[in-house]
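Report on one structure; see the data block that follows.
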Amino acid sequence: MGPRANTVGSVPSTNWPALSTASYGFIPGLTWLRQHRSEWLRPDVTAGLTAAAVVIPKAMAYATIAGLYALGRKRGTQVFRALTGEHPDDETWPGLLILRTEGRLFFANAQRVSEKMRLLVDQAKPRVMVLDCSAVIDVEYTAVKMFTEAEERLRGEGIIVWLAALNPEVLAVMQRSKLGTTLGRERMFFNLQAAVERYERDIR
């Protein structure tokens, strides 16, 4: 039997080859695709393009937002802020590098964050690097994989990696990962102040 006539003016439908019921169970979406009507094609394509027009710029915006910078502590307080020329008297600790990243960490910005981390570590040559995650709202697989590889690389160079101030969702993701297993509870801190106190007591 040849192609079925199309009365709508869209892409013509064709007969599907006979497949076993099990085949449709193993191939996600095949049952739906077999029942798809040609007149649905144009609105489905339009919906897909609309979604892409929203998601792609959003991903690019996240990639721009996520950054990484070094922190110091305002003297006499527990306030940690970016090290800049505006606050030359902020406290730092020899051998301790505190970094903060922020926003959503995912495939579009993981490489950028990794490269910036490498640069800052090379400049500071610390014994311990603490990553403050208080401003991280979400982290996905690509970013977790990046952090895992960074920890392995730095550990090989004799640098200890700590995490601090993870929100409950990000903490849960990390605890389920290889990185969480490697760090354990003793290398993940409630906040930066706790990490600094541990460094002053046991490392410095």
**OP:** Fewest Cβ neighbours within 10 Å first, please rank TYR69, TYR199 accordingly.
**Re:** TYR69, TYR199
**OP:** With a ≥ b ≥ c taken as the square roots of the eigenvalues of the C-alpha gyration tensor of segment 66-203, please select rounded if a/c is under 1.5 and otherwise prolate if a/b is larger than b/c or oblate if it is not?
**Re:** rounded
Subject >> Karplus-derived HN-Hα couplings along segment 71-80 (A = 6.51, B = -1.76, C = 1.60, θ = phi - 60°), whole Hz, x at Gly and Pro >> reply: 10, x, 10, 5, 4, x, 9, 10, 8, 9
Original post:
Under the definition of Cα pairs under 8 Å and six or more residues apart, what whole-number percent is the relative contact order of segment 66-203?
Top reply: 22
Original post:
Taking other Cβ within 10 Å of each residue's Cβ, how do TRP162, TRP93 sort, fewest first?
Top reply: TRP93, TRP162
Original post:
What FRET efficiency, computed as 1/(1 + (r/R0)^6) with R0 = 30 Å and r the Cβ-Cβ distance, is obtained for ARG118 and ASN191, rounded to the nearest 0.05?
Top reply: 0.75
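Taking the beta-carbon count within 10 Å as an exposure proxy, list LEU97, LEU120 from fewest neighbours to most.
Going from sparsest to densest Cβ surroundings: LEU120, LEU97.
Once the piece of chain linking ARG201 and GLU140 is laid out straight, how much longer is it, given 0.36 nm per residue of separation minus the C-alpha distance between them?
18.6 nm
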Subject >> Amide H within-cut-off set for GLY95, under 5 Å, with H built and near neighbours excluded >> reply: ARG127
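Values in this text are rule-based calculations from the coordinates and carry no lab data. What you see is a predicted model, and the numbers here were worked out from it, not measured in a lab. For neighbour counting, all protein chains shown are included, and Cβ atoms are generated from backbone atoms with ideal geometry for every residue, glycine included.
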